[in-house]
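Inspection log for the structure reproduced underneath, given as structure tokens.
The values are calculated or read from the model by the stated rules, or taken from the named source; none is laboratory data. The shown structure was predicted, so the numbers you read here are calculated from the model rather than taken from an experiment. Here the Cβ positions follow ideal geometry from the backbone for every residue, glycine too, while neighbour counts run over all protein chains shown. These accessible areas exclude ligands, DNA and RNA; they are computed on the full protein's heavy atoms, side chains included. Shrake-Rupley method; radii C 1.70, N 1.55, O 1.52, S 1.80 Å.
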Amino acid sequence: MSLSLSAALALLSPLPIGLAEFNVDQLHLFQQLCGRFKDDLPEIVDNHLDPLSDAVTRSFAMHLRTSILAVEQLWERLGMALLQAVHQDCHTRYYPDHYVHRPSDNDAMRVYYDKWPPFVAAMKHAYMDLEMTRFIESIYLFAQASAEHIARIYNRCFPAPETRSPDDPSLLSAEAVMHGFFLHALLRDSYAHGDPLKLPHHGLQETRMEQAMHDRNVHMSGTGQPLWAHACDDCSKIKEDEQGRKYRFTGCVIDGITVGHPCCSFTNEDQGPCREPLRQSKDRYCPSHLHLMQKCAFRDCSKPRQQGFQTCTSKEHRATEEALPKPGASIFQLKDRLHLTSEAAAARKADKKSGQHGANKKGKAVFRRTWTHNEQLAVRPCGIVISRATMYQAEAVSGVRDFIMATFPENVPGSHPSALFYDDNCVLEKFIRNCGPQIQRYFARILRPVDVFHFARKHKLTDVFCQQNCNPASFPELTTPDGKWVFNSSAAEQANVWFGKYATIVREMSHYRYNFFLDEMILLHNQLVEEDLHAKGKRPHIVPQADLYHPELRS
């Protein structure tokens, strides 16, 4: 739509009293608002223009920061011309938070405005203002409440419950909470990078944001957190070498926490666990391995499953399945299952002695869904979480190595920590010694002690290799002249206490939502930690690019 400034001014002459303070910017914004809300504007009938509805008038007044009288007078003077411009063949439909060009096209995209809209459409008939989305975000961050609990808190408090009926459509739902949170986070990310957010116009709301989430998840992996290059007085020390040259001595702590999401149950020794996302969180296999639902649940058995069962005709396999608790079974039925036929019991006993695959030992059969194993966090000693990675069906030392090398890329030597604490560094050390020269060169300049907390509790005095190579007390660089530790090597354990509270919230989330949610919580958590470091005078800052790529320039 287009209405020239000269035409608008001509229509406004003489200027009504209520518009005496109206400026050109407001006039331009009024024109834009008519385009956005064109579906809510009255129609021209017999060359007669009806007034705006009360809701639209109040919304225009809020956007224009003016009075309702001014909006009414402006509409009276410009409404006819603006409606004619709106209904020209522009093929664009405007909404409060986005616009869509050619909305009837199958590939139509919602393009969100380049400034924060006053409202975002969490669902088709549910809009949230910026304060509401921040309220949801804050409860997630500080209270670790679920979407269902957040909705109940809001409905109970705003307004009082007696003023609403249980079937009131204006009640906030858990689904709206999730959609509002994700959309708000995507918009903030798009504004931070200067790129407009674009989402498919057609399709379900729960899948509309998946591709945008995936793109952000990929960006966040490894070095994507905004504070990845963080440094402060608690995690970076300035030291001098023998020639009097100053350099940074930095620390980082790696640790895992049991938080996971449903994943594909397929795995093999050569390829490892499957990482393809499930179509739905209730599925047992991803689309590529869905055909495995038709075979016996035992991994090493290729026979087809029998109708009504998850196993083949093998007596041992069937006995294992029959021993499983049945959903909804009473306590008496469950007790009966403990006393199966003597044949099945003998089969399990024989299997235990021989180590054969007849019984359902861990990982040998798939009767239920599979979850990822844990989340690995890389935490600076000050508490800033700089990276995260999902370990699928085990915390394999090779996976930890890959996580470290993704967090501190080989071509960014200035990012490598001087000391890297990990509770199984002794196992990692043995693994690295059997790797190729490139991997060994990468780790050669990184001290690798076990963190103090785990070394005192998990590592035996009789483990000579661990005592000689990973005892934190054997590294003089890690202690001050008065015998204190230079770094807080328990930072990851402390971060895990907070991070682990999200386990039940994300347990049933899709692959896309799970990663997006956790990365967003880490981002917000880091902002709080950074504010606290500023308040304590720890001088938090981002390490310059020159120092990251050219460590000889460290200062």
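Hey, if we sort 109, 128 by accessible area with the 1.4 Å probe, largest down, what's the order?
109, 128
In what sequence, largest accessible area first, do 292, 33 appear using a 1.4 Å probe?
The most accessible residue leads, giving 292, 33.
Scan segment 385-477 for trypsin sites (Lys or Arg not before Pro) in coil per DSSP, keeping those whose Cβ has at most 15 other Cβ atoms within 10 Å, and list them by number.
The qualifying sites are 445, 460.
Please report the projected area of segment 151-288's Cα convex hull averaged over all directions, in nm².
The Cα convex hull of segment 151-288, projected and averaged over all directions, gives 16.4 nm².
Show me, for segment 426-437, the HN-Hα J-couplings you get by feeding each phi into the Karplus relation (A = 6.51, B = -1.76, C = 1.60, θ = phi - 60°), rounded to Hz, glycine and proline as x.
For segment 426-437, the Karplus-derived couplings read 5, 5, 4, 4, 5, 5, 5, 5, 9, 8, x, x Hz, x marking Gly and Pro.
Based on the Cβ-Cβ distance from residue 268 to residue 149, what FRET efficiency comes out when R0 is 35 Å, to the nearest 0.05?
0.30
At what distance in nm do the modelled label points of residue 542 and residue 475 sit from each other, each positioned 7 Å from its Cα along Cα→Cβ?
Placing both labels 7 Å along Cα→Cβ, they lie 2.8 nm apart.
Using a basic spin-label model with each label point 7 Å from the Cα along Cα→Cβ, how many nm lie between residue 406 and residue 246?
3.6
So for the pair residue 195, residue 28, with labels modelled 7 Å out along Cα→Cβ, what separation do we get in nm?
Distance between the two pseudo-spin positions: 2.7 nm.
Ignoring ligands, DNA and RNA, what percent of the 1.4 Å accessible area of segment 86-220 is carbon and sulfur?
54
Let me check something: with ligands and nucleic acids excluded, how do 181, 266, 453, 37 order by accessible area (1.4 Å probe), largest to smallest?
Putting 181, 266, 453, 37 in descending order of accessible area: 453, 266, 37, 181.
Run the accessible area of segment 398-555 with a 1.4 Å probe and give the carbon-and-sulfur part as a rounded percent.
Answer for segment 398-555 is 53 percent, counting heavy atoms of protein chains only.
To the nearest 20 debye, what is the magnitude of the charge dipole of segment 473-549 about its Cα centre, counting +1 on the Cβ of each Lys and Arg and -1 on the Cβ of each Asp and Glu?
In total the dipole reaches around 140 debye.
Amide H neighbours of residue 372 under 5 Å, counting only residues 5+ apart in sequence or on other chains, H built in-plane at 1.01 Å?
261, 263
Pulled fully out, how much extra length does the chain show between residue 134 and residue 435, if you take 0.36 nm times their separation in residues and subtract their Cα-Cα distance?
Extending this stretch completely gives an extra 103.6 nm.
At 1.4 Å probe size, what's the solvent-accessible area of residue 489? Round to the nearest 10 Å².
10
Pop the C-beta distance of residue 170 and residue 315 into the FRET formula with R0 = 60 Å and round what comes out to the nearest 0.05.
Result of the calculation: an efficiency of 0.50.
Tell me, what % of the accessible area of segment 258-309 is carbon and sulfur with a 1.4 angstrom probe?
Here it works out to 46 percent.
Enumerate by residue number the trypsin sites (Lys or Arg not before Pro) in segment 470-507 meeting two conditions: DSSP loop (anything except H, G, I, E, B), and at most 13 other Cβ atoms within 10 Å of the site's Cβ.
Here the trypsin sites (Lys or Arg not before Pro) that fit, given the DSSP loop and packing criteria, are 484.
Given a Förster distance of 35 Å, report the FRET efficiency between residue 498 and residue 218 from their Cβ-Cβ distance, rounded to the nearest 0.05.
Once the sixth-power term is evaluated, E becomes 0.90.
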